[in-house]
Amino acid sequence: MQSNTMPFPKKHKLGFTTDRKQSLTTTVCFKTDEELAQKLKSVPDWQEKLRQVLPDLIKGWTAG
């Protein structure tokens, strides 16, 4: 019989921590060709770099 307890209790000392000012909340997926995806994934820390420039890209695309 399986219990309904979590594998780790909430707020245990080995819990996930972050130094972010704002937590990450969702995933955004988009399709691209395989070559571009591999080039992107080869960039060190690509996700953080994309998070930093994405607000400016969106402003540029939506400015009218």
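Read-outs throughout are calculated quantities, based only on the coordinates presented, and are distinct from any laboratory measurement. Here the structure is a predicted model, which means the values were calculated and not measured. For neighbour counting, all protein chains shown are included, and Cβ atoms are generated from backbone atoms with ideal geometry for every residue, glycine included.
How large is ³J(HN,Hα), in whole Hz, for each residue of the range 17-34 in order, when computed from phi with the Karplus curve 6.51 cos²θ - 1.76 cosθ + 1.60 and θ = phi - 60°, using x for Gly and Pro?
Those phi angles translate into 10, 9, 9, 6, 6, 10, 6, 7, 10, 8, 10, 10, 10, 8, 8, 8, 6, 4 Hz.
Pulled fully out, how much extra length does the chain show between residue 63 and residue 25, if you take 0.36 nm times their separation in residues and subtract their Cα-Cα distance?
Values: separation 38, 0.36 × 38 = 13.68 nm, distance 2.54 nm.
Between residue 63 and residue 25, full extension yields 11.1 nm more.
With labels modelled as points extended 7 Å from the Cα through the Cβ direction, what inter-label distance (nm, one decimal) is found for residue 34 paired with residue 17?
Once both label points are built, they end up 4.3 nm from each other.
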